[in-house]
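Contents: one structure, followed by commentary.
The values are calculated or read from the model by the stated rules, or taken from the named source; none is laboratory data. Quick caveat: nothing in here was measured; it's all calculated off a predicted structure. Cβ placement follows ideal geometry from the backbone for every residue including glycine, while neighbour counts extend to all protein chains displayed.
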Amino acid sequence: MMKFSLGSIALIVMTSMFFGEAAIAQIDAHRVKADVETWRDWMGSTHPDLSHSADIQRVDAAFEALEQKLDGEYDVRSAWRALATINPLLNDAHSGIRLPDTAYEAALEQGSVAFTLSVNVSEGRLYVDRSIQSSSPINPNEEILAINGQSAASLISELEPRMRGESKGLRERVLSLRFPVALWAVQGDRQSHNVTLRRKNGPQTIKIDPTRDIAVSGDQTYELNIRDNVAVMTVKSFEISREEKFAAFLADAFARIDAGNIDRLIIDVRKNGGGARQLSDRLMAYLTTSRYTPISAVKARIVAENQALIPGSQIGQVIEMPFAQWVEPTAELAHRFLGKSVILIGPASYSQTIAFAVTVQDFKIAQIAGTPTEGPANQTGQVQRFTLPESALVVQAPLYIFTRPSGEIGRAPLIPDRLIPGQGEAQLKILITEMSE
């Protein structure tokens, strides 16, 4: 079992933020070590079973080695860099220490300039995201060789091993999404940024213009396109903050599908990192009238928030039990889809997206196509967050480990019913062609 030592931790008062390298008060190694112990204690009293995803002995050894190495003084950036080396060992994007968002936002308020260029990290290399404004002199998918004089290879080698996630690919995905904060965690406050791009005539360095070198305006999270009489619905997020917008999108999209007498549908969730079940349930309602449950069993840590769900349980206890959450789709729903539907998944499909696709597969609501997920079919959930008192860094851990509806246990990924090679547009075209025949 993990070692969890309890201790008395005193809260500190952070100094006010200002433009410069010391974004918060310097913290000596003793206080950073106190945060490490607090993190271990909290994780041990929150996570229902860390061994579900992690090698406990390796995690223990890494924590012990980290505490031995801590020396001198730290600010929030260097403290995060030190503590985040634990993240990959937890082997779950729902567990670990988060990037220093609060300190980053405060630094921006005090004059530090944000890195506005959207990027993608892939297989150890850095690229401009295809969402870049057409007015920018920087082109979609160009390779970035360096940022502010630091090589992209150096940045990625320092940052990717500090991200949360089960695989290098998922950690690169998290890094892509959170790159501005991660860059600040390494390079600190800047009055400007420049990127060096790989070009035909040799490397070219361009100064970033924060008003120009940004992603295109408008929300492309949800899209519907009709291609070869196949409806292609792209759903990139189940985030709860988007519920109202998602509901409106679904109503309009399925009305258009119905009006066009389209009986073949692809729902592309390859870039959907998850969110809330309320949103995936809204989508499911358009695909089936049969009742379903996203889980068959649960392993849960009992805390004050969930104790009432399990009579007789005690706070701190871990309960493992059969636990279905049956959903009865409403019988009457305008424009419910009655044709052939396929859910397209990929390595970046994660969290609630995996739970949605697993439910679809186990209840045979639609076919699952694409490539296996890098996250497990049996997901963790109900993520809790805790602010470490010395550094103000935030750690997180789940309360639940879920078992898929079929009852299959373990850490295996979600395997599609129909494996389709490739990725991106090429993969989508194969599926569209098959469904058009």
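Of all residues in region 100-126 being farther than 18 Å from ILE147 by Cα and in contact with a strand residue (DSSP E or B) (Cβ under 9 Å, 6 or more places away or on another chain), which is surrounded by the fewest Cβ atoms within 10 Å (Cβ to Cβ)?
ASP101
Consider region 420-437. How many of its residues are surrounded by 14 or more Cβ atoms within 10 Å (Cβ to Cβ) and part of a loop (DSSP other than H, G, I, E, B)?
Residues in region 420-437 being surrounded by 14 or more Cβ atoms within 10 Å (Cβ to Cβ) and part of a loop (DSSP other than H, G, I, E, B): 2 in total.
Please state which of the following conditions VAL181 fails to meet, knowing it meets all the rest: (1) at pLDDT 95 or above; (2) in contact with a helix residue (DSSP H, G or I) (Cβ under 6 Å, 6 or more places away or on another chain); (3) surrounded by fewer than 16 Cβ atoms within 10 Å (Cβ to Cβ); (4) not aromatic (Phe, Trp, Tyr).
With (1) at pLDDT 95 or above; (2) in contact with a helix residue (DSSP H, G or I) (Cβ under 6 Å, 6 or more places away or on another chain); (3) surrounded by fewer than 16 Cβ atoms within 10 Å (Cβ to Cβ); (4) not aromatic (Phe, Trp, Tyr) applied to VAL181, the lone miss is (3).
Of the residues that make up region 179-188, is at least one in the same structural domain as SER122 (by TED's automatic domain parsing), without any contact (Cβ under 8 Å) to a residue 60 or more places away in the chain and over 18 Å from the mean Cα position of the chain (by Cα)? Reasoning before the result, please.
Quick first cut of region 179-188, residues in the same structural domain as SER122 (by TED's automatic domain parsing) only: 179-188.
Applying the additional criterion that residues be without any contact (Cβ under 8 Å) to a residue 60 or more places away in the chain yields 187.
Then keep just the ones that are over 18 Å from the mean Cα position of the chain (by Cα); that gives 187.
Among the residues of region 179-188, at least one is in the same structural domain as SER122 (by TED's automatic domain parsing), without any contact (Cβ under 8 Å) to a residue 60 or more places away in the chain and over 18 Å from the mean Cα position of the chain (by Cα), which makes the answer yes.
Outside the structural domain of PRO413 (by TED's automatic domain parsing), under 27 Å from LEU399 (Cβ atoms) and out of contact with any helix residue (DSSP H, G or I) (no Cβ under 9 Å at 6 or more places or on another chain): is that true of TRP80 in this structure?
Details: outside the structural domain of PRO413 (by TED's automatic domain parsing): yes; under 27 Å from LEU399 (Cβ atoms): yes; out of contact with any helix residue (DSSP H, G or I) (no Cβ under 9 Å at 6 or more places or on another chain): no.
Against the criterion (outside the structural domain of PRO413 (by TED's automatic domain parsing), under 27 Å from LEU399 (Cβ atoms) and out of contact with any helix residue (DSSP H, G or I) (no Cβ under 9 Å at 6 or more places or on another chain)), TRP80 does not qualify.
Among strands (runs of 3 or more DSSP E) lying entirely in region 334-419, which contain 1 or more residues that are at pLDDT below 95 and surrounded by 19 or more Cβ atoms within 10 Å (Cβ to Cβ)?
Working: elements: 340-345, 367-370, 380-387, 394-403.
Passing ranges, in order: 380-387.
Scan region 173-222 residue by residue and report those that are of a type in the set (Gly, Ala, Ser) and either under 28 Å from PRO88 (Cα atoms) or in a loop (DSSP other than H, G, I, E, B) (or both). Spell out how you get there, then give the answer.
The initial filter retains those residues of region 173-222 that are of a type in the set (Gly, Ala, Ser), namely 176, 182, 185, 188, 192, 202, 215, 217-218.
Result: SER176, ALA182, ALA185, GLY188, SER192, GLY202, SER217, GLY218.
Taking ARG264, is it farther than 30 Å from THR433 by Cα and at pLDDT 95 or above?
Numbers: farther than 30 Å from THR433 by Cα: no; at pLDDT 95 or above: yes.
Here the answer is no, as ARG264 does not meet what is asked.
Among what's in region 134-169 and is over 21 Å from GLY273 (Cβ atoms) and of a type in the set (Asp, Glu), pick the residue that is nearest to the chain's Cα centre (by Cα).
Filtering first and then ranking leaves GLU158.
Would you tally the residues in region 107-130 being closer than 13 Å to PHE179 by Cβ and either of a type outside the set (Val, Ile, Thr) or out of contact with any helix residue (DSSP H, G or I) (no Cβ under 8 Å at 6 or more places or on another chain) (or both)? Walk me through it before giving the result.
From region 107-130, those closer than 13 Å to PHE179 by Cβ are 114-122, 126-129; that's our starting set.
Still in the list and also either of a type outside the set (Val, Ile, Thr) or out of contact with any helix residue (DSSP H, G or I) (no Cβ under 8 Å at 6 or more places or on another chain) (or both): 114-115, 117-118, 120, 122, 126-129.
Adding up the residues that qualify gives 10.
Of the residues that sit in region 101-130 and are among the small types (Gly, Ala, Ser) and assigned to a loop (DSSP other than H, G, I, E, B), which one is farthest from GLN187 (Cα to Cα)? Talk me through it step by step, then tell me what you get.
Initially, region 101-130 is screened for residues among the small types (Gly, Ala, Ser), giving 103, 106-107, 111-112, 114, 118, 122, 124.
Narrowing the set further to residues that are assigned to a loop (DSSP other than H, G, I, E, B) leaves 111-112, 114, 118, 124.
Details: GLY111: 15, SER112: 11, ALA114: 12, SER118: 17, GLY124: 19 Å.
Across region 101-130, the extreme among qualifying residues is GLY124.
Somewhere in region 131-153, is a residue out of contact with any Pro (no Cβ under 8 Å at 6 or more places or on another chain), part of a helix (DSSP H, G or I) and modelled with pLDDT of 95 or more?
yes
Could you list, in sequence order, all residues of region 405-437 that are within 23 Å of THR359 (Cβ to Cβ) and among the β-branched types (Val, Ile, Thr)? First the steps, then the outcome.
From region 405-437, those within 23 Å of THR359 (Cβ to Cβ) are 405-420, 427-428, 431, 435; that's our starting set.
Within region 405-437, ILE409, ILE415, ILE420 qualify.
Test ASP281 against the stated conditions and say whether it is within 18 Å of TYR222 (Cα to Cα), of a type in the set (Asp, Glu) and within 25 Å of the chain's Cα centre (by Cα).
Values: within 18 Å of TYR222 (Cα to Cα): yes; of a type in the set (Asp, Glu): yes; within 25 Å of the chain's Cα centre (by Cα): yes.
Against the criterion (within 18 Å of TYR222 (Cα to Cα), of a type in the set (Asp, Glu) and within 25 Å of the chain's Cα centre (by Cα)), ASP281 qualifies.
Just a yes or no: is a residue in region 284-292 modelled with pLDDT of 95 or more, touching a Lys or Arg at 6+ places or on another chain (Cβ under 7 Å), surrounded by 15 or more Cβ atoms within 10 Å (Cβ to Cβ) and within 30 Å of LEU177 (Cα to Cα)?
Scanning region 284-292, I find at least one residue that is modelled with pLDDT of 95 or more, touching a Lys or Arg at 6+ places or on another chain (Cβ under 7 Å), surrounded by 15 or more Cβ atoms within 10 Å (Cβ to Cβ) and within 30 Å of LEU177 (Cα to Cα), so the answer is yes.
Picking from ALA348, ALA355, which residue would you name as being touching a helix residue (DSSP H, G or I) at 6+ places or on another chain (Cβ under 6 Å) and small (Gly, Ala, Ser)? Even if it seems obvious, please write down each step before you answer.
Working: ALA355 fails: touching a helix residue (DSSP H, G or I) at 6+ places or on another chain (Cβ under 6 Å).
Being touching a helix residue (DSSP H, G or I) at 6+ places or on another chain (Cβ under 6 Å) and small (Gly, Ala, Ser) holds for just one of ALA348, ALA355, which is ALA348.
So which residues in region 254-263 are crowded, with 21+ Cβ neighbours inside 10 Å and either closer than 16 Å to LEU344 by Cβ or touching a Gly at 6+ places or on another chain (Cβ under 9 Å) (or both)? Please lay out each step first, then the result.
At the first step, the residues of region 254-263 found to be crowded, with 21+ Cβ neighbours inside 10 Å are 254, 257.
If the condition is that a residue be crowded, with 21+ Cβ neighbours inside 10 Å and either closer than 16 Å to LEU344 by Cβ or touching a Gly at 6+ places or on another chain (Cβ under 9 Å) (or both), then ILE257 is the only one that fits.
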